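K.L.:
Sharing a structure here in structure tokens format.
Derivation of every value follows stated rules applied to the coordinates shown; laboratory data play no part. Quantities reported herein were computed from a predicted structural model and do not represent experimental measurements. Counting neighbours? That spans all protein chains shown, and the Cβs are built from the backbone with ideal geometry, glycine included.
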Amino acid sequence: MTIEKRSWAEPYKIKMVELLKMTTRGEREKAIHEAGYNTFLLRSDDVYIDLLTDSGTSAMSDDQWSALMRGDESYAGSRNFYNLWDAIKEFYGYKYYVPTHQGRGSEHMLSQLLIKEGDYIPGNMYFTTTRLHQEKAGGNFVDVIVDEAHDAQNEFQFKGNVDMSKMEKLIADVGADKVPYISLEGNVNMAGGQPFSMENLKELYSFCKKHDIKIYLDATRTAENAWFIKTREKGYENKSVKEIVYELCSYTDGCTMSAKKDSLVNIGGFFATNDEELCKKAQNFCVIFEGLHTYGGMAGRDMEAMAVGIKESMGDDHQRARVGQVQYLGQQLQKYGIPIVLPVGSHAVFIDAKAFLPHLDQNDLPSQTLAAEIYVESGVRVMERGNVSAGRDPETGENRCPKLELVRLTLPRRVYTQAHMDVIAESIKEVWDRRDTITGLKFVYEPEVLRFFQSRFEKK
Ligand code: PM9
């Protein structure tokens, strides 16, 4: 029997543990009420298993912890800046980079430097912070993802693909001059963690070359996307994650990056490009909003831990276990008949809240409601990814009511065990059994932007 035929298992052993606090149902009811039924506003001390996000929540390796001790905290020209540059060149292949405090710092940079008032920015589905920065720079986001991505039950293997006919229509409607770049996300978060294929990217590359449109990758979960290319796309089964990431980046002009996901660090990000002039502008932009261009809002030690994390994220064994754990949770939920987005993605299992709570109107905020109920049931904290996250249409002021109304169970990397996965599935089954009794929520406080972070709600 080869190792691949055996069940997945963690390619590490545990050296240190963090104790979890258990709470009673009464304590959780009080906590969620005080948090305005928004799981972002809970105190982490009141949480048992935290599936809010995989962002900055991963466990670092002993090598990464050692890297922290190699931090060179010189204000300028830190050796860690150069070590991180070497890692970016080796694994992503981009020539130049600017460190940023996290992903949205690099999105701010890219949007402000490339978008002009009235431009159109196509993307394979929106991401909250990405679209906001595009809009703040005067751009209009245009969704060009394949239709399958908007259908939670469609089992197409590459739901992150760009629909080339939507790209053609956009160019015919507005002209290529109004499209500075396409923002291409690996393992599309809002679609359920769905990958694009290399074939689709190659097609996009030829199209963009013809129309002189740049491709900027949101590389946040690209190593995870590469795992799906390896396991699903013909011709890639014998390539390593490292080789696949390098190849796919070669069809792009640069990237924005939240290193808090793939790269296994608790903070940090970067903007990378092959365009030297653009990099100079980004460096100058960096000193206004992030810090000097050789640290960009990070400590030297954070850059060093990231350089090690990038290398670890490219390991086939790492990705096999990472994705294996998420798939396992998906299977457990399916056994109970709980409606989830299929195929299961790499970073999270997404519950289809419309199918879970069909008696609720979308303006009763089914995903927000379900997230609060799951917390009360078991102390498991999850995230809303539906009507609240989608925000309001700037023209009509109405809720955007996206087709996908989801609750995300996001797995931090290298943090929880298979027994935790079983407890999570059992807890959600208990909410499923009493789903008919659940009533919706309404806003009592709604901030202007990225409202999902800070809104408060009460029961309808
Ligand atoms: N993603 C997530 O939980 C962090 C909080 S929600 C805004 O999924 C992509 C694909 C992301 C992402 C953050 C960012 C922004 C960009 N692209 O959070 O600023 O998933 O590092 O990255 C979150 P930062």
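K.L.:
Take every Cα pair under 8 Å in the stretch 360-455 that's 6+ residues apart, average their separations, divide by the length, and report that relative contact order as a whole percent.
P.N.:
34
K.L.:
So if we plug the beta-carbon distance of L41 and V17 into 1/(1 + (r/R0)^6) with R0 = 30 Å, what FRET efficiency do we get, rounded to 0.05?
P.N.:
Efficiency, rounded to the nearest 0.05: 0.65.
K.L.:
So what's the back-of-envelope 222 nm ellipticity for the chain, counting only DSSP H runs of four-plus at -39500 (n - 2.57) apiece and dividing by all residues, rounded to 500?
P.N.:
My calculation for the chain gives -12500 deg cm²/dmol from helical runs alone.
K.L.:
On a 24 Å Cα-Cα criterion, which of the cross-link pairs K166/K239; K30/K442; K166/K230; K116/K403; K166/K209; K169/K210 come out too long?
P.N.:
Correct reply: K166/K239; K166/K230; K116/K403.
K.L.:
Let me ask you something else. Against the globular-protein guess of 2.2 N^0.38 Å, express the Cα radius of gyration of the chain as a ratio, rounded to two decimals.
P.N.:
Normalised Rg, Cα atoms only: 0.94.
K.L.:
Set the Förster distance to 30 Å, then compute FRET efficiency between K281 and E395 from the Cβ-Cβ distance, nearest 0.05.
P.N.:
The calculated FRET efficiency here is 0.45.
K.L.:
Hey, another quick one. Pop out the ³J(HN,Hα) list for the stretch 233-241 in order, Karplus 6.51 cos²θ - 1.76 cosθ + 1.60 with θ = phi - 60°, rounded to Hz; leave Gly and Pro as x.
P.N.:
Rounded to whole hertz, the list is 9, 4, x, 10, 4, 9, 8, 7, 4.
K.L.:
Also: For the chain, build the charge dipole from Cβ charges (+1 Lys, Arg; -1 Asp, Glu) around the Cα centre, then report which of Q134, Y416, Q102 sits farthest towards its positive end.
P.N.:
Ranked along the dipole, the leading option is Y416.
K.L.:
Same structure, new question: Measure out, as a whole number of angstrom, how far apart the alpha-carbon centroids of the stretch 54-116 and the stretch 223-281 sit.
P.N.:
Using only Cα atoms, the two centres lie 13 Å from each other.
K.L.:
With a Förster radius of 22 Å, plug the Cβ-Cβ distance of E90 and D143 into 1/(1 + (r/R0)^6) and report the FRET value to the nearest 0.05.
P.N.:
FRET efficiency, E90 to D143: 0.05.
K.L.:
If the only charges are +1 at each Lys and Arg Cβ and -1 at each Asp and Glu Cβ, what is the size of the charge dipole of the stretch 1-115 around the Cα centre, to the nearest 20 debye?
P.N.:
200
K.L.:
Which whole-number percentage describes the relative contact order of the chain, with Cα contacts under 8 Å and a sequence gap of 6 or more?
P.N.:
23
K.L.:
How do 113-122, 266-275 rank on mean C-beta neighbours within 10 Å, highest first?
P.N.:
Packing proxy ranking, top to bottom: 266-275, 113-122.
K.L.:
Additional query: Taking a cut-off of 16 Å between Cα atoms, list the aspartates and glutamates near K214, but don't count ones fewer than 8 places away on the same chain.
P.N.:
Those aspartates and glutamates meeting the cut-off are E107, D119, E168, D177, E185, E203, D253, D275, E276, E277.
K.L.:
Rounded, prolate or oblate: which fits the stretch 369-428 when a ≥ b ≥ c are the square roots of the eigenvalues of the alpha-carbon gyration tensor, with rounded for a/c under 1.5 and prolate only if a/b beats b/c?
P.N.:
prolate
K.L.:
Nothing charged except the Cβ atoms of Lys and Arg (+1) and of Asp and Glu (-1): what's the magnitude of the dipole of the stretch 40-79 about its Cα centre? Round to the nearest 20 debye.
P.N.:
That gives a dipole near 160 debye.
K.L.:
Per 10 Å bin, what percent of the C-alpha pairs of the stretch 234-314 does each bin hold, from zero upward?
P.N.:
16, 42, 33, 8, 1
K.L.:
Please arrange M69, M383, M298 by counting, for each residue, the other beta carbons lying within 10 Å of its beta carbon, fewest first.
P.N.:
M69, M383, M298
K.L.:
Hey, another quick one. Please identify the GluC sites (Glu not before Pro) of the stretch 399-454 that satisfy two criteria: DSSP loop assignment and at most 14 other Cβ atoms within 10 Å. Which are they?
P.N.:
Answer in residue order: E448.
K.L.:
About the Cα centre of the stretch 146-295, what is the dipole size in debye to 20, counting +1 per Lys and Arg Cβ and -1 per Asp and Glu Cβ, all else neutral?
P.N.:
Using Cβ point charges on Lys, Arg, Asp and Glu, the stretch 146-295 gives about 280 debye.
K.L.:
Please label the shape of the stretch 1-125 as rounded, prolate or oblate, based on the square roots a ≥ b ≥ c of the eigenvalues of the alpha-carbon gyration tensor (a/c under 1.5 means rounded; beyond that, a/b larger than b/c means prolate, else oblate).
P.N.:
Taking the square roots of the gyration eigenvalues as a ≥ b ≥ c, the stretch 1-125 is oblate.
K.L.:
While we're looking at this one, here's another question. Quick one: compute the contact order of the stretch 270-385, relative version, from alpha carbon pairs under 8 angstrom and 6+ residues apart, as a percent.
P.N.:
Over the stretch 270-385, the number comes to 11 percent.
K.L.:
May I pose another question? Give the cross-link partners of K260 among the lysines, using a straight C-alpha distance below 22 Å as the criterion and excluding same-chain residues fewer than 8 apart.
P.N.:
Answer for K260, where 22 Å is the Cα cut-off: K13, K15, K89, K95, K242, K311, listed by chain and number.
K.L.:
Could I ask something else about it? For the stretch 133-174, what does the alpha-carbon gyration tensor say about shape, rounded, prolate or oblate, given a ≥ b ≥ c as the root eigenvalues, a/c under 1.5 as rounded, and a/b over b/c as prolate?
P.N.:
Oblate is the answer for the stretch 133-174, as a/c is 1.5 or above yet b/c matches or exceeds a/b.
K.L.:
Next question. Among the chymotrypsin sites (Phe, Trp or Tyr not before Pro) within the stretch 302-394, which fall in a DSSP loop and have no more than 15 other Cβ atoms within 10 Å of their own Cβ?
P.N.:
Here the chymotrypsin sites (Phe, Trp or Tyr not before Pro) that fit, given the DSSP loop and packing criteria, are Y336.
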